[in-house]
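Only one structure is covered here, and it is reproduced in the block below.
The values are calculated or read from the model by the stated rules, or taken from the named source; none is laboratory data. Since we're looking at a predicted model, the values are computed, not measured. Note that we place each Cβ from the backbone using ideal geometry, even for glycine, and neighbour counts take in every protein chain shown. Remember, those area values only see protein heavy atoms, side chains included, never the ligands or the DNA or RNA. Shrake-Rupley method; radii C 1.70, N 1.55, O 1.52, S 1.80 Å.
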Amino acid sequence: MLLGCDFSSAPSVRKPIVVAVGQVVEGGVALQRIESFCSLDTWRQWLAGAPAWIGAFDFPFGLPRELVEQLGWPTEWAALIAHYAGLDRAHIREAFAAFCAGRPAGVKFAHRATDGPAGCSPSMKWVNPPVAFMLHAGVPRLVAAGAALPGLHAPAGAAATRIAVEGYPGLLARELIGRRSYKSDDATRQTSERGAARAELLAALERGSARLGLRLVLEDVERQRLMADAQGDCLDAALCLVQAAWAAARRDSIGPGWGLPAAMDPLEGWIVSA
């Protein structure tokens, strides 16, 4: 089973965690259904209850090494995540804001090595988007669900059957429609132009136009659902599903496998396909 997850660190009925579930087909990945979760623990329990999956999750799996070292936090991944999970969000915000305050304009944030190739926000950012809190909410629950995070974490005991890689839908979307916006959480900004961009993005995914060379195979009902979701959560989950399929085809690649680079920093992690 393949999964693509659009994540929220504070899920609700209005803004749930969305998971696209699919399977490998010749030349691509077929979207079978969309699952939604209004609480973090319901999402974790669902992941833990599925015996085997490969999933791409839209939240960071690590913090910048520069930041971690300057704060004096553990520089081994498991110890860092345990430390980070034990902090409340106010403490995280204060620590990261103090780090930024001591740096010159233009380089306020520390970055992971993957940020440049992926074109993503730094994983220490706590607002717009709050990816630091997404890491805080998501990664410990992936570990609790028994997931292996290649290059970062392997669960104790038997061989891992739940594999989690870090996805980023924006990376794939930009390849297909540039920087055009295709979604908004603000109803007043859910325009026809964004709807047109969503249609173009979806059509390109179905053609397999991205460099990943994989088609997204859809039934009419799921195509309509992805088009109708002006917030873009379902489409972002589908983009992550394509990244999960790309990773699954490279499970035996050199280094940590799953298409991740051999030189990946074992503290920071890496966005798959970046």
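Descriptive notes on the structure:
- Residue among GLN45, GLN70 that alone is modelled with pLDDT of 95 or more, open to solvent by 70 Å² or more (accessible area, probe 1.4 Å) and in contact with a Phe, Trp or Tyr (Cβ under 8 Å, 6 or more places away or on another chain): GLN70
- For first residues located in region 61-78 and over 19 Å from ARG103 (Cα atoms), partners that are open to solvent by 40 Å² or more (accessible area, probe 1.4 Å) and part of a loop (DSSP other than H, G, I, E, B) and lie 6+ apart or on another chain with Cβ distances below 7 Å form the pairs TRP77/PRO266.
- Scanning region 207-232 for residues that are farther than 18 Å from ARG174 by Cβ and of a type in the set (D, E, K, R) turns up ARG215, GLU219, ASP220, GLU222, ARG223, ARG225, ASP229.
- For region 87-141, filtering for residues that are in a loop (DSSP other than H, G, I, E, B), of a type in the set (A, V, I, L, M, F, W, C) and open to solvent by 20 Å² or more (accessible area, probe 1.4 Å) leaves 8.
- So ALA274, is it closer than 18 Å to GLU175 by Cβ and touching a Gly at 6+ places or on another chain (Cβ under 6 Å): no
- Qualifying residue in region 51-58 (condition: over 18 Å from the mean Cα position of the chain (by Cα) and free of Cβ contacts under 8 Å to residues at least 24 places away in the same chain): no
- Note on region 223-274: residues that are part of a helix (DSSP H, G or I), surrounded by 23 or more Cβ atoms within 10 Å (Cβ to Cβ) and among the small types (Gly, Ala, Ser) total 5.
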